[in-house]
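**Student:** Take a look at this one; I'll ask things after.
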Amino acid sequence: MNTSPTSAAFEKASGAASPGKKCIYRAIVIGAGASGLFFASSTDLSSPDPSTGAAGGLILEHTAKPGSKLLISGGGRCNFTHAGSVKDFPAHYNNGTFVRSALYKHSNIKFTEFMEDLGIRSVTEKDGRIFPECRRSAPVLDALLKRSAANGFTIRTGTDVTAIRPPEGPGRPWGICVARNGNGYPGNDGCGAADEIFFCENLIIATGGITYPATGSDGSLIPVLQRDLGIRFTELVPSLMPLTIAGDPYRSLAGVSVENAAMTIEEKSGRKIHQASGPILFTEKGISGPAALNASAHLRPDAVISLSLIPGISRDQVMRSLQEELKGRPQDINTTSAAAARLFGLPKSLTRILAERSCGAGSSPSLKSMAGLLTADRLPLDQETLSFSGKSSPAGMCTRGGIALDQINTKTMELRNAPGLFAVGEVLDVDGETGGYNLQFAFSSAQAASECVNGKLHG
Ligand SMILES: Cc1cc2nc3c(=O)[nH]c(=O)nc-3n(C[C@H](O)[C@H](O)[C@H](O)COP(=O)(O)OP(=O)(O)OC[C@H]3O[C@@H](n4cnc5c(N)ncnc54)[C@H](O)[C@@H]3O)c2cc1C
């Protein structure tokens, strides 16, 4: 007798299921997040399959509510994509070569048209980020839920997937074993038992990454995918997170921002790993803002950061400018910080901290040291930022790592050795920079899968 966890789950569910009731769906989506809902709102399953009788779609979600991460995206304003040529997009992703095909076909323009079709007009901000005109995520989620329902999808919340069985032969369905976890409301799909098996012609994995686990993206499906389907994952680490600095000298500046700074991630030896530039925001624990978030995607366990508050200007140039500006005047903390603020357009509260730090043991600032801090302030990262693990992380707007991409067809997001099985969104080993690139990939990958499923269903 086969006593594997998968068989045991299926046997238990078979015993509990209502006799004679077998639900076969045209597609089941696991995960009611952005990518799962993009898939459901693009795939019309409202009519049954004439040959198998399979009908409609089902979305299985283990939390009580769909779209929780979408709701908090962009600070609740939902920065869903970015302006500009889609040809420039791949450079904004880790694994940019993989995303090219889906992005070119289902581009930022297609995305804004898709939103418009859902009744969501968009607006582009000066820095290129695109938002809904209403600057709220909630109407986006509502529109996706409505369109998914019109396409024949039902959502079952509070449902854990405990096992997955691949088709037992050509034309046979996938088997999905589920258990209620107490988070949801009773489904309205006619299958009401505690442990159940659902069947489907197409299965879409849309379970996201491992960050902000309170939204439901907690990596809980990964062991099931590894055990039952042999799917391989790369290492998972949080990305796009604020940088926490050990002994942060800028702590008193929490809330102050700088329009354009450069953050270089370096090894302790000084070797450069990555540089990101853009706005930064000082926080109570360190540095946030787009440049810091994008830099966080490239951290290593032994990394330090080097912060330049005036990118593109050398230390010598800065020192000469300061000397010139202070010529014939006393060189104390007040005059030096005021000169630096004036010359480089920086907040006085910031240049004052730099001037104080430039004093060393003396009472007046050293201009050489001041120029060094303005152009390359080497800051040690806190262990909190550097302690990577494969566990869920409360920080990080996205996850680096996921389903290893050599298993995926780049055009359709179908697993190469498992026809009818698709993976979309952040569960894949793709992560983008901040600025709308992650929701764009959730959309593009979901569209690629939807197009393939639609093609199979409607010929
Ligand atoms: C604070 C924050 C702000 C962000 N802002 C932006 C932004 O402005 N622009 C941008 O492009 N990106 C942004 N992102 C990233 C973006 O939200 C994600 O990349 C995107 O939501 C990923 O979509 P997804 O569908 O792949 O995963 P998710 O949206 O995370 O959805 C996954 C769903 O699967 C469910 N699930 C997980 N495991 C299971 C399971 N075992 N069984 C059933 N269901 C399961 C989860 O509960 C969840 O509902 C932000 C992220 C955060 C955290």
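**Student:** Yes or no: residue 140 under 25 Å from residue 450 (Cβ atoms), within 15 Å of the ligand (Cβ to nearest atom), touching a helix residue (DSSP H, G or I) at 6+ places or on another chain (Cβ under 8 Å) and assigned by TED's automatic domain parsing to the domain that holds residue 425?
**Tutor:** Numbers: under 25 Å from residue 450 (Cβ atoms): yes; within 15 Å of the ligand (Cβ to nearest atom): yes; touching a helix residue (DSSP H, G or I) at 6+ places or on another chain (Cβ under 8 Å): yes; assigned by TED's automatic domain parsing to the domain that holds residue 425: yes.
It is true that residue 140 is under 25 Å from residue 450 (Cβ atoms), within 15 Å of the ligand (Cβ to nearest atom), touching a helix residue (DSSP H, G or I) at 6+ places or on another chain (Cβ under 8 Å) and assigned by TED's automatic domain parsing to the domain that holds residue 425.
**Student:** I've got another one for you. I need the full set of residues from segment 215-238 which are of a type in the set (A, V, I, L, M) and without any contact (Cβ under 8 Å) to a residue 24 or more places away in the chain, in order please. Reasoning before the result, please.
**Tutor:** Here is the first cut: in segment 215-238, the ones of a type in the set (A, V, I, L, M) are 221-222, 224-225, 229, 231, 236-237.
The answer is 222, and nothing else.
**Student:** Take the residues in segment 125-164 that are of a type in the set (D, E, K, R) and assigned to a strand (DSSP E or B); name whichever of them is surrounded by the most Cβ atoms within 10 Å (Cβ to Cβ).
**Tutor:** Looking only at segment 125-164, we keep the residues that are of a type in the set (D, E, K, R), and these are 125-127, 129, 133, 135-136, 142, 146-147, 156, 160.
Narrowing further to those that are assigned to a strand (DSSP E or B): 129, 156, 160.
Details: 129: 20, 156: 23, 160: 17.
Among them, the one singled out is 156.
**Student:** Within segment 403-459, restricting attention to residues that are among the aromatic types (Phe, Trp, Tyr) and within 12 Å of the ligand (Cβ to nearest atom), which residue is farthest from residue 202 (Cα to Cα)?
**Tutor:** Narrowing segment 403-459 to residues among the aromatic types (Phe, Trp, Tyr): 422, 437, 441, 443.
With within 12 Å of the ligand (Cβ to nearest atom) added as a condition, the list becomes 437, 441, 443.
Numbers: 437: 27, 441: 21, 443: 18 Å.
The residue in question is 437.
**Student:** Something else about it: For the structure I just gave you, tell me whether residue 34 is in the same structural domain as residue 195 (by TED's automatic domain parsing) and within 13 Å of the ligand (Cβ to nearest atom). Walk me through it before giving the result.
**Tutor:** Numbers: in the same structural domain as residue 195 (by TED's automatic domain parsing): yes; within 13 Å of the ligand (Cβ to nearest atom): yes.
In short, yes.
**Student:** Restricting segment 240-252 to residues that are touching a helix residue (DSSP H, G or I) at 6+ places or on another chain (Cβ under 6 Å) and part of a strand (DSSP E or B), which is surrounded by the fewest Cβ atoms within 10 Å (Cβ to Cβ)?
**Tutor:** Applying the filter and picking the extreme gives 244.
**Student:** Looking for something at pLDDT below 95, in a loop (DSSP other than H, G, I, E, B) and β-branched (Val, Ile, Thr) - is there at least one such residue anywhere in segment 19-30?
**Tutor:** no
**Student:** Within segment 257-274, take every residue that is among the small types (Gly, Ala, Ser) and over 16 Å from residue 373 (Cα atoms) and give me the one that is surrounded by the fewest Cβ atoms within 10 Å (Cβ to Cβ). Steps first, please.
**Tutor:** Of all residues in segment 257-274, those among the small types (Gly, Ala, Ser) come to 257, 261-262, 269-270.
Narrowing further to those that are over 16 Å from residue 373 (Cα atoms): 257, 269.
Working: 257: 14, 269: 7.
Among those that are among the small types (Gly, Ala, Ser) and over 16 Å from residue 373 (Cα atoms), it is 269.
**Student:** For residues in segment 98-130 being among the polar types (S, T, N, Q) and within 18 Å of the chain's Cα centre (by Cα), which is farthest from the ligand (Cβ to nearest atom)?
**Tutor:** Start the filter on segment 98-130 by keeping residues that are among the polar types (S, T, N, Q), which leaves 101, 107-108, 112, 122, 124.
Restricting the remaining residues to those that are within 18 Å of the chain's Cα centre (by Cα) gives 107-108.
Numbers: 107: 14, 108: 11 Å.
Top of the filtered list is 107.
**Student:** Please count how many residues of segment 201-226 are under 16 Å from the mean Cα position of the chain (by Cα), part of a strand (DSSP E or B) and more than 7 Å from the ligand (Cβ to nearest atom).
**Tutor:** Pass one, segment 201-226, residues under 16 Å from the mean Cα position of the chain (by Cα): 205-219.
This time we only want the ones that are part of a strand (DSSP E or B), so: 205, 211.
Next, only the ones that are more than 7 Å from the ligand (Cβ to nearest atom) stay: 205.
Matching residues across segment 201-226 total 1.
**Student:** Also, quick follow-up: Which of the residues belonging to segment 41-84 are within 11 Å of the ligand (Cβ to nearest atom) and either of a type in the set (Gly, Ala, Ser) or more than 26 Å from residue 221 (Cβ to Cβ) (or both)?
**Tutor:** Of segment 41-84, the ones within 11 Å of the ligand (Cβ to nearest atom) are 59-82.
Passing the criteria: 64, 67, 68, 73, 74, 75, 76, 77, 79, 81, 82.
**Student:** Name the pairs whose Cβ atoms lie under 9 Å apart, with the first residue in segment 429-451 and at positive phi and modelled with pLDDT of 95 or more, the second more than 7 Å from the ligand (Cβ to nearest atom) and aliphatic (A, V, I, L, M), and 6 or more positions between them or separate chains?
**Tutor:** What qualifies is 436/83; 436/130.
**Student:** Restricting to segment 75-112, what's the tally of residues that are surrounded by fewer than 23 Cβ atoms within 10 Å (Cβ to Cβ) and in a helix (DSSP H, G or I)?
**Tutor:** 18
**Student:** Among the residues of segment 165-183, which ones are farther than 21 Å from residue 219 by Cβ and outside any strand (DSSP E or B)?
**Tutor:** 166, 167, 168, 169, 170, 171, 172, 173
The values are calculated or read from the model by the stated rules, or taken from the named source; none is laboratory data. Keep in mind that this is a model prediction, so the values were computed, not measured. Here Cβ is always computed from backbone atoms with ideal geometry, including for glycine, and neighbour counts include all displayed protein chains.
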